[in-house]
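Have a look at the structure below before the remarks.
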Number of protein chains: 2
Amino acid sequence: MKIIEGGVTAAKGFKAAGTEAAIKYQNRKDMAMIYSEVPCKAAGTFTTNVVKAAPVIWDRDIVRGKGTAQAVVVNSGIANACTGDEGMAYCRETAETAGKILNIPYDSVLVGSTGVIGMQLKMDRIKAGIEKLVPALDDSLQAGTEAAEAIMTTDTHSKQVAVSFEAGGKTVTVGGMAKGSGMIHPNMCTMLAYVTTDMNISAELLREAVSGDIPDTFNMISVDGDTSTNDTFLCLANGMAGNPEVTEKNEDYEAFRKALNYVNTTLAKAMAGDGEGATALFEVEVINADTKEHARILAKSVITSSLTKAAIYGHDANWGRILCALGYSGVTFDPDHIELWFGSDAGRILIFKNGKAVDYSEEEATKILSEKTVHVTADMKMGDASATAWGCDLTYDYIKINADYRS
Amino acid sequence: MKIIEGGVTAAKGFKAAGTEAAIKYQNRKDMAMIYSEVPCKAAGTFTTNVVKAAPVIWDRDIVRGKGTAQAVVVNSGIANACTGDEGMAYCRETAETAGKILNIPYDSVLVGSTGVIGMQLKMDRIKAGIEKLVPALDDSLQAGTEAAEAIMTTDTHSKQVAVSFEAGGKTVTVGGMAKGSGMIHPNMCTMLAYVTTDMNISAELLREAVSGDIPDTFNMISVDGDTSTNDTFLCLANGMAGNPEVTEKNEDYEAFRKALNYVNTTLAKAMAGDGEGATALFEVEVINADTKEHARILAKSVITSSLTKAAIYGHDANWGRILCALGYSGVTFDPDHIELWFGSDAGRILIFKNGKAVDYSEEEATKILSEKTVHVTADMKMGDASATAWGCDLTYDYIKINADYRS
């Protein structure tokens with residue numbers, strides 16, 4: 001597997017574009033389109049929030065229904081959530097408008113929205129945006145980057161990644177883009193992430209690869225514990241790499257899974273590290289737990305602890321808060337038997353053992369907590385299951401961004 | 001029922017004191033004692049955190065074991081959590097020291113701690129503190145107030161309340177004190193709360209009254225979602241009111257329950273409203289839910305949402321975040337059928353109905369969100385169960401307080 005430049009336009013046959021459509025704000029890109037020259041198999045996962053935005057329902061029905069799609073239209077000004085029947089009608093109108101210009105069926109157009117909840121879309125602007133996007137569609141790196149920029153809300157930078165590998169004698173590419181950066185919490189892919197691939201793979205295995213990967217990637221990040229109404233992860237596979245169709249779990253399937261996992265992990269970590277107001281990526285690894293599920297719960301409990309996140313912001317080795325967060329996770333363990341380590345392979349120090357703090361260096365601990373990525377390892381000493389979760393610190397800027405997001 | 005002045009010294013036969021013992025900080029009260037002239041029946045609830053502080057284990061064993069106690073010793077500098085066997089030995093030493101001077105058995109002395117996790121107590125200071133507290137014990141309002149002040153950590157004011165009522169021809173008093181104000185989250189009484197009463201009541205009914213009340217009072221508040229290692233609620237009943245012992249659920253029992261509920265609700269709301277950095281009490285009432293448990297989960301989900309809490313701080317009527325938090329609570333409902341109201345009985349406005357926003361006045365909404373108590377009502381239209389949860393806004397000061405709490 002090779003890491004290459006680009007994002008959603010890296011794989012063969014995929015084009016993208018981003019444009020300013022003044023959906024809510026002036027002078028910023030706020031609409032994006034992804035288009036494949038041929039129809040794609042589509043797999044996706046969606047928010048588990050009972051309150052689902054209209055585009056989530058629209059996409060879910062297409063992905064779970066006919067299971068193919070050829071284009072995605074996204075706006076990042078208004079979420080189209082809590083908008084009633086009107087909101088659903090907007091999705092159809094968006095898809096119909098794009099379908100007509102692209103000359104594809106309206107139910108091959110997926111729709112994404114992120115932004116303010118409760119406001120209604122101005123359809124004339126959406127339509128004008130689509131009319132600008134279609135002629136701008138391009139398979140260049142630049143076009144993919146502009147699409148990645150156009151789906152941003154409070155993100156401080158765009159997020160894209162691509163990898164390639166060999167399968168059936170052909171080069172296969174998987175690329176993706178994603179946006180955060182608030183209302184982000186493990187439970188379904190978080191916010192918007194779009195992955196495109198030219199892999200030729202059966203619909204069933206595509207779905208299986210996607211649903212197998214999300215629990216360890218997008219579902220392991222959290223910025224603020226709020227699971228959005230709009231969370232959407234979509235993977236489009238157009239088969240244009242020309243490899244023989246993957247229909248069983250052979251080494252080509254494993255290569256695809258590995259590539260997908262790399263793309264998803266990279267995008268997920270980028271989201272967490274660019275969480276609203278964040279100054280650091282907070283990476284918590286739980287090892288030797290009794291079950292995988294328990295490892296996930298423990299790791300997520302720590303990255304979502306407000307007190308721990310505030311301590312990371314302050315570069316304060318307040319490890320008691322980590323112990324506390326493990327303790328209220330709901331998983332049972334013996335505090336006297338676990339170990340807590342600060343730092344990554346580059347240099348780790350033992351903090352807690354036998355039910356109390358060891359004699360560690362505060363200076364060294366503070367140094368580790370001042371890195372751009374703060375890594376903590378909890379060794380549960382109960383079994384061999386492990387999991388990693390990614391969050392960020394809790395800062396003044398999170399408050400600033402969210403105390404008055406609408407205005 | 002009559003609201004009266006005072007706290008833990010309001011009921012007959014209870015004395016208290018607070019003093020400076022330099023447990024961690026200089027020049028502030030940091031040790032408190034409560035003492036009853038006669039042995040009390042003791043009921044309590046404790047943190048559900050797997051990581052339990054030593055004093056929590058100490059108190060739990062006494063309350064669930066012999067079930068009586070006569071004194072409580074609290075320090076507010078060091079939590080004595082994650083301190084191993086040493087921490088347990090400190091509890092015993094504290095109880096033995098107090099027991100000897102007070103001339104009561106050591107296992108009649110309950111111990112409470114709050115503060116930094118992981119540090120070991122300096123026992124010489126604890127002992128010196130006890131030696132100062134005993135001669136200062138007094139049944140005055142002033143003494144109770146000093147005790148309430150001495151258990152504070154990041155609280156901005158002390159919290160106490162007392163009520164009296166008639167039972168069996170006698171005046172019975174229930175009074176209490178509590179402290180917050182971070183690491184506070186529904187799951188067991190939150191942080192430290194001590195209630196004293198001179199009610200003559202059987203141990204069984206005292207326990208039942210306590211365990212029946214906590215789920216609707218202390219377990220319905222949250223400051224930051226972090227369930228502490230030290231949460232402790234204790235209720236001591238010394239019977240000195242002289243009423244015939246309450247041994248069945250008659251009207252005297254109901255009067256006691258009502259008084260206890262008032263004291264606990266008042267202390268719980270005071271904790272939430274004085275949450276770290278808070279500028280407002282955030283009160284969420286869920287009505288017409290299908291079950292009581294669902295009503296509680298829904299209400300708690302809203303008060304714990306970081307995004308909603310930040311919006312409250314900004315006086316921003318971003319009601320979509322409330323809908324979102326109801327939606328990810330885990331409770332199933334139809335978003336098209338619920339109603340959302342801002343404001344209390346003094347003046348409520350409808351915000352959301354039939355799956356979308358109604359045409360409300362932003363100005364009026366902002367005014368409601370600028371009150372010292374922000375009240376939101378979610379009408380689920382599913383049944384007749386209701387619950388209220390109390391939280392606070394999320395502010396710059398929360399970050400400031402917690403980014404470097406240890407130093």
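Throughout, read-outs are computed from the coordinates displayed, never taken from laboratory work. Since the structure is predicted, the reported quantities are computational estimates derived from the model, not experimental observations. Counting neighbours? That spans all protein chains shown, and the Cβs are built from the backbone with ideal geometry, glycine included.
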(message) Compute, for segment B:210-348, the length of the dipole vector about the Cα centre, with Cβ point charges of +1 (Lys, Arg) and -1 (Asp, Glu) only. Units Debye, rounded to 20.
(response) 200 debye
(request) Excluding residues on the same chain fewer than 8 positions from A:K356, give the lysines whose Cα lies under 17 Å from its Cα. (result) A:K381, B:K52, B:K122
(message) Can you tell me what share of the DSSP beta bridges in the protein assembly as shown is antiparallel? A percent to the nearest 5 is fine.
(response) 70 percent
(request) Return the aspartates and glutamates within reach of B:K292: Cα separation strictly under 12 angstrom, same-chain partners fewer than 8 residues apart disregarded; answer none if there are no such residues. (result) B:D216, B:D384
(message) Show me, for segment B:109-124, the HN-Hα J-couplings you get by feeding each phi into the Karplus relation (A = 6.51, B = -1.76, C = 1.60, θ = phi - 60°), rounded to Hz, glycine and proline as x.
(response) 10, 8, 10, x, 9, 8, x, 6, 7, x, 7, 8, 6, 8, 5, 5
(request) Order the peptides B:277-284, A:330-337, A:202-209 from the highest to the lowest mean number of other Cβ atoms within 10 Å of their residues. (result) B:277-284, A:202-209, A:330-337
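Please give the charge dipole size of the protein assembly as shown, origin at the Cα centre, charges +1 on K and R Cβ atoms and -1 on D and E Cβ atoms. Round to the nearest 20 debye. Numbers along the way, then the final one.
Values: 76 positive and 106 negative charges, 42 e Å.
Charge dipole, the protein assembly as shown, about its Cα centre: 200 debye, nearest 20.
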(message) Quick check: residue separation of B:E251 and B:E93 times 0.36 nm, minus the Cα distance between them. What number comes out in nm?
(response) 52.6 nm
(request) Please identify which residues in segment B:325-356 have an amide N closer than 16 Å to a label point set 7 Å out from the Cα of A:E86, following the Cα→Cβ vector. (result) B:336, B:351-356
(request) Among B:I62, A:I221, rank each residue by its count of other Cβ atoms within 10 Å, from fewest to most, as a rough exposure measure. (result) B:I62, A:I221
(message) Among DSSP bridges having both ends in segment A:255-407, what percentage is antiparallel? Round to the nearest 5.
(response) 70 percent
(request) Note the distances from A:T171 to each other copy's matching label point, with points 7 Å along the Cα-to-beta-carbon direction, in nm, sorted shortest first. (result) 9.1
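Expressed in nm to one decimal, what extension gain is obtained for the pair B:K372 and B:N27 from 0.36 nm per residue of sequence separation less their Cα-Cα distance?
On the way: separation 345, 0.36 × 345 = 124.20 nm, distance 3.11 nm.
My answer for the length gained is 121.1 nm.
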(message) If packing is taken as the average count of other Cβ atoms within 10 Å, what order do B:47-57, A:117-127 fall into, highest mean first?
(response) B:47-57, A:117-127
(request) Could you give me the percent of Cα pairs per 10 Å distance bin for chain B, shortest bin first, beginning at zero and ending with the bin that holds the maximum distance? (result) 5, 23, 30, 23, 13, 4, 0
(request) Give me a single rounded figure for A:395-402: the average over its residues of other chain Cβ atoms within 10 Å of their Cβ. (result) 6
(message) Please list, short to long, the whole-number percent of alpha-carbon pairs of the protein assembly as shown in consecutive 20 angstrom bins beginning at zero.
(response) 16, 44, 29, 10, 1
(message) Using the Cα atoms of segment B:281-403, I'd like the radius of gyration and the largest Cα-Cα distance, Dmax, both in angstrom.
(response) 13.8, 43
(message) For B:K12, what residues show an amide H to amide H distance below 5 Å, using hydrogens built from the backbone and excluding near sequence neighbours?
(response) B:T173, B:D198
(message) Let me check I've understood the local charge: for B:Y106, count other residues with C-beta under 11 angstrom from its C-beta, Lys and Arg +1, Asp and Glu -1. What total comes out?
(response) -1
(message) If the only charges are +1 at each Lys and Arg Cβ and -1 at each Asp and Glu Cβ, what is the size of the charge dipole of segment A:299-401 around the Cα centre, to the nearest 20 debye?
(response) 320 debye
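Which pairs, out of A:K2/A:K24; A:K127/A:K269; B:K66/B:K249, put more than 32 Å between their alpha-carbon atoms?
Working: A:K2/A:K24 39 Å; A:K127/A:K269 34 Å; B:K66/B:K249 23 Å.
Over 32 Å apart, Cα to Cα: A:K2/A:K24; A:K127/A:K269.
With r as the distance between the Cβ atoms of B:K122 and A:D336 and R0 = 22 Å, compute the FRET efficiency 1/(1 + (r/R0)^6) and round to 0.05. Please report the intermediate quantities before stating the final value.
On the way: r = 23 Å, r/R0 = 1.04.
Efficiency at R0 = 22 Å is approximately 0.45.
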(request) Using only atoms on other chains, find how many Cβ atoms lie within 10 Å of each Cβ of peptide A:339-352 and report the average. (result) 0
(request) Mind checking B:375-381 for the average number of partner chain beta-carbons within 10 Å of each residue's beta-carbon? (result) 0
(request) Would you mind counting up the charge near B:K15? Only other residues with Cβ under 14 Å from its Cβ, with Lys and Arg at +1 and Asp and Glu at -1. (result) -4
(request) Scan chain B for the residue whose Cβ is closest to the axis carrying it onto chain A, then write down that distance in whole angstrom. (result) B:Y396, 3
(request) Pull up the DSSP beta bridges for chain A and report the antiparallel fraction as a percent, rounded to 5. (result) 70 percent
(message) Run lengths n ≥ 4 of DSSP H only: what is the helix-derived mean residue ellipticity at 222 nm for the protein assembly as shown, with -39500 (n - 2.57) per run over all residues, to the nearest 500?
(response) -10000 deg cm²/dmol
(request) Work out from phi, with θ = phi - 60° and the Karplus expression 6.51 cos²θ - 1.76 cosθ + 1.60, the ³J(HN,Hα) of each residue of segment B:321-330, listed in order in whole Hz, and give x for Gly and Pro. (result) 5, 5, 4, 4, 5, 4, x, 9, 5, x
(request) Using only Cα atoms, locate the centre of segment A:108-187 and the centre of segment B:305-370, then give the distance between them in Å, rounded to an integer. (result) 30 Å
